[in-house]
Amino acid sequence: MSALEQPYVYARRQLVEPDWTRFPGWRDITPGQWADAQWQRVSCVKNVAQLRALMGDLLEERFYADLERDQQERATMSMLVTPQMMNTMVPESVWPDGRMPRAGAAFTDAFYADPVRAYMLPVFSDRRTDWPSHPFATRDSLHEHDMWAVEGLTHRYPTKVLAEMLPTCPQYCGHCTRMDLVGNSTPQVLKLKLQGKPVDRYAAMLDYLQRTPGVRDVVVSGGDVANMPWKNLEAFLDRLLEIDTIRDVRLATKALMGLPQHWLQPDVVEGVGRVAATARSRGVSLAIHTHVNNAQSVTPLVADAARAMLDAGVRDVRNQGVLMRGVNDSPAALLDLCFALQDEASITPYYFYMCDMIPFSEHWRLSLREAQHLQHAIMGYLPGFATPRIVCDVPFVGKRWVHQVESYDTEKGMSFWRKNYRTSIEAGDEQALSREYVYYDPIYTLPEPGQRWWRENTDVDAAHAAALVSAESSRVASLG
Ligand code: SF4
């Protein structure tokens with residue numbers, strides 16, 4: 001009897017930095033410029049004209065028209081792609097003979113199909129036309145603002161808080177769950193504005209943490225902390241580490257992958273070393289959490305940045321990716337990514353979140369059943385400590401492993417969840433722990449009777465209006 005192949009065959013793969021000079025606009029860019037964080041920031045692709053200038057004649061006109069329409073009618077995030085991230089799209093290494101076609105239909109089709117492009121430069125034709133948004137999609141789908149203890153400090157879990165330090169990032173991801181607050185306004189989404197001055201907000205956060213000794217764990221996030229001037233971030237972290245009830249501090253930065261040049265700057269590495277030494281002397285665990293969604297994004301520079309952080313004294317660098325159709329929705333794509341992170345970049349695969357129910361995200365979202373299949377398919381290949389959990393961030397509940405679902409109506413795509421703690425807005429809610437909380441699958445993934453049920457029971461125009469009302473309330477909030 002011949003041996004059957006394993007569903008996934010592991011082979012160690014060397015990381016490569018794709019050759020950026022393959023893009024006409026970067027033909028003369030030197031390695032020194034590429035390594036310069038400031039050059040990376042000023043050379044980001046922020047609009048269609050800049051993409052045209054970079055691509056020369058590589059892309060056909062149909063792509064630009066598709067992108068422009070998306071920007072006008074669908075995008076919840078403005079365009080901002082670092083050169084580092086652009087350079088991981090259609091790398092030569094994905095072509096069978098290692099040579100990218102010069103231009104035209106083959107290149108354009110490959111660009112459309114590229115997993116990094118699919119979430120960093122979404123186009124109109126990517127999105128669903130039947131249900132572009134789920135009827136229950138909302139701008140702040142996790143209700144983080146409802147749980148602000150002070151402005152920007154979300155207290156959802158009993159012992160943990162999320163500190164939203166600033167509303168910007170070095171790169172903007174099309175599926176960003178904080179689309180309500182993060183980034184520039186788009187024609188579809190007027191962003192909420194933080195009201196307090198940063199210095200006052202940070203002081204209020206620290207004051208709350210001093211007054212709330214039950215909180216031991218702080219995720220210092222944004223946006224992306226790579227957009228905070230280092231001296232301001234270090235000053236905040238120093239004060240945070242003075243609070244002796246804080247035992248875990250995690251810095252959230254997608255830029256470790258999207259702009260590794262930032263974390264490789266000598267002054268930043270030295271600063272991280274100082275903070276890590278303080279944390280260690282106080283027995284606090286300081287970690288970095290990043291956000292990588294596809295193996296193509298893991299390059300030698302990303303590995304260098306992660307190792308620089310570990311060498312500086314950070315206890316761990318962990319990845320929290322987002323599960324998205326067309327980006328990483330197969331066992332092989334997830335395992336390739338996890339092995340690239342774990343084996344080649346010293347980054348621990350930690351979580352994959354199901355994509356949240358924000359407007360216009362239906363084409364990216366997977367059903368709970370699909371997520372459960374993926375979780376099953378990736379078990380047993382990685383070490384247990386580096387086997388990521390696929391989690392559903394259930395509104396008003398928090399992260400639940402996809403197999404923790406209480407019950408599941410697969411026809412209507414409704415899953416029901418319970419929780420074992422009260423969020424900060426449920427102190428007096430006696431039913432909080434016995435109530436069932438609902439999460440919804442994308443409607444187009446349901447069997448026909450389920451799709452029919454949604455068509456017959458949902459007024460699509462009313463759902464759209466509800467999203468606009470939600471936008472209006474944010475607009476009012478932003479006007480103070
Ligand atoms: S880096 Fe994070 S916060 Fe910033 S746009 Fe991407 S997902 Fe949103």
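Quick look at the numbers
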read-out: Top positive-direction residue, dipole computed over region 145-476 with Cβ charges, set V397, V292, G196; value: G196
read-out: Rg over Rh, two decimals, region 51-154 (C-alpha only, Kirkwood Rh); value: 1.09
read-out: Charge dipole of region 100-149 about the Cα centre (unit charges at C-beta), most positive-ward option of V123, A137, F111; value: F111
read-out: Ascending count of other beta-carbon atoms within 10 Å, so fewest first, for E61, E426, E362; value: E61, E426, E362
read-out: Cα-Cα P(r), region 98-144, percent of pairs per 10 Å interval; value: 20, 35, 27, 12, 6
read-out: 16 Å Cα-Cα reach of K399 towards lysines, excluding residues that sit fewer than 8 places from it in its own chain; value: K160, K419
read-out: Reciprocal mean inverse distance between Cα atoms of the chain - Kirkwood radius, Å; value: 23.4 Å
read-out: Ranked packing of 400-411, 337-348, most packed first, by mean Cβ within 10 Å; value: 337-348, 400-411
read-out: Pairwise Cα inverse-distance average, inverted: Kirkwood Rh of region 322-399 (Å); value: 13.0 Å
read-out: Packing-based exposure ordering (other Cβ within 10 Å, fewest first) of M354, M309; value: M354, M309
read-out: Ranking of K254, K419 by count of other Cβ atoms within 10 Å, fewest first; value: K419, K254
read-out: Check: the chain dipole with +1 on Lys, Arg Cβ and -1 on Asp, Glu Cβ, in debye; value: 800 debye
read-out: Within-11-Å neighbourhood charge of C392 [Cβ basis; K, R +1; D, E -1]; value: +1
read-out: Set of lysines with alpha-carbon distance to K231 below 18 Å, sequence-local pairs under 8 removed; value: K197
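We did not get these values from a lab; they are worked out from the coordinates using the rules stated. If you're wondering where the values come from, they're calculated on a predicted model, not measured in any experiment. Glycine gets a Cβ as well: all are built from the backbone with ideal geometry, and neighbour counts include every protein chain shown.
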